[in-house]
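Here, each number is a calculation from the coordinates, and none is a lab measurement. The shown structure was predicted, so the numbers you read here are calculated from the model rather than taken from an experiment. Don't worry about glycine lacking a Cβ; one is built from the backbone with ideal geometry, like all the others, and counts go over all protein chains shown.
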Amino acid sequence: MKLLIALLCSTLFISCGEKRKKLVKKNGEISSTIVDKGVTKEIESKELSLTAMNLTTMEFDRDTIDFGNVTADTDNIAKFTVYNTGNKPLKIEKVSASCGCTTVKEPENEIPVGGSDQIEVNFHPKIDQLNEQEKTVTVKANINPQMKVVKLKAFVLPKK
């Protein structure tokens, strides 16, 4: 009899302290219900993964910079704005251009939640880069996916 009571008490003790999880998939999103010591919490898969990995989200004010007609061997400067739309500080790790004719100046500091900063682009086409040109600027940050791309367009005229 004492053995039966001990077995029942240990079963009750173990079941009260354990965490129970329930995964539900609806509308393409996975949510999890976690019960821990009587407290229930719903966690969306996006929230869980972004928070756990210290990631945030970012947006640009535009996805294409169109310089229009430019002359070869000249500086053509434009800026685009980066917005931190997430709930963690945005850390721009690297900004790179697809061509040596383009240089970039990236933000020096983290962008706080709800904040913004600018990235400056200088397109300096060489004399042999005439007519329509398309380049890219890639921004690597603590986001998922880790990189976003801005396109550059210009029509390069010969130097006079």
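For the reader, a short list of remarks on this structure follows.
- Extension gain for V149 to D66 (0.36 nm times residue separation, less C-alpha to C-alpha distance): 28.4 nm.
- FRET efficiency, L157 to K94 (Cβ-Cβ, R0 30 Å, nearest 0.05): 0.40
- Residues whose amide H falls under 5 Å from that of G86, counting only those 5 or more places apart or on a different chain, are T57, G114, with hydrogens built in the peptide plane.
- For the range 58-157, averaging the sequence separation of C-alpha pairs within contact (under 8 Å, six or more residues apart) and dividing by the residue count gives a relative contact order of 37 percent.
- Using the Cβ-Cβ distance between N54 and N122 with R0 set to 35 Å, the FRET efficiency from 1/(1 + (r/R0)^6) comes to roughly 0.65.
- Assigned charges on the beta-carbon of Lys, Arg, Asp, Glu; the range 58-157 dipole about Cα centre (debye): 260 debye
- Length released on extending from K79 to T138, taking residue separation times 0.36 nm less the Cα-Cα span: 19.8 nm
- Selected from Q129, V139, S96, residue furthest toward positive end of dipole (the range 88-160; charges at beta carbon): Q129
- Per-residue HN-Hα couplings for the range 62-74 [Karplus 6.51, -1.76, 1.60; θ = phi - 60°; Hz; x = Gly/Pro]: 7, 9, 9, 10, 10, 6, x, 7, 10, 9, 4, 6, 10
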